[in-house]
Amino acid sequence: MKTSYIIFCMIILAGVTYLPRVLPFLLFQKKIKNPFIKSFLSYMPYGMLAAMIFPEIFTSTGNFYSALFGLIVAIFFACKKLGLLPVACGAVLAVFLVEQLPL
């Protein structure tokens, strides 16, 4: 990959995660009291990040089944309310183990 492409992607990612947090300050002068809008603005950056990452999950390993198994393990660990590091390490370990199976 070219360095310029990586830098461009990082700038886009930074903009996509930064703009939803700044726009409410620019658009709304008064304090937001509506709980729906508050929760929407709170979760929007996470939703955007997930929308960008989720399709890449299935193409990252080149093997659909290992990627699917890693996703299942990550979701399971996340539902157990583990932190980011154990979830990521568990998913990577699951993908590694499935990749080692002779298929």
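The values are calculated or read from the model by the stated rules, or taken from the named source; none is laboratory data. Everything numeric in this text was worked out from a predicted model, so none of it was measured. Cβ coordinates were reconstructed from backbone atoms using ideal geometry, including for glycine residues, and neighbour counts include every protein chain displayed. The accessibility values were calculated without ligands, DNA or RNA, using every heavy atom of the protein model including side chains. Shrake-Rupley method; radii C 1.70, N 1.55, O 1.52, S 1.80 Å.
Across the range 45-74, which residue is most open to solvent (accessible area, probe 1.4 Å) among those that are of a type in the set (Val, Ile, Thr) and within 12 Å of the chain's Cα centre (by Cα)? The selected residue is 53. Tallying residues that are surrounded by 11 or more Cβ atoms within 10 Å (Cβ to Cβ), modelled with pLDDT of 80 or more and not in a helix (DSSP H, G or I) within the range 1-44 yields 0.
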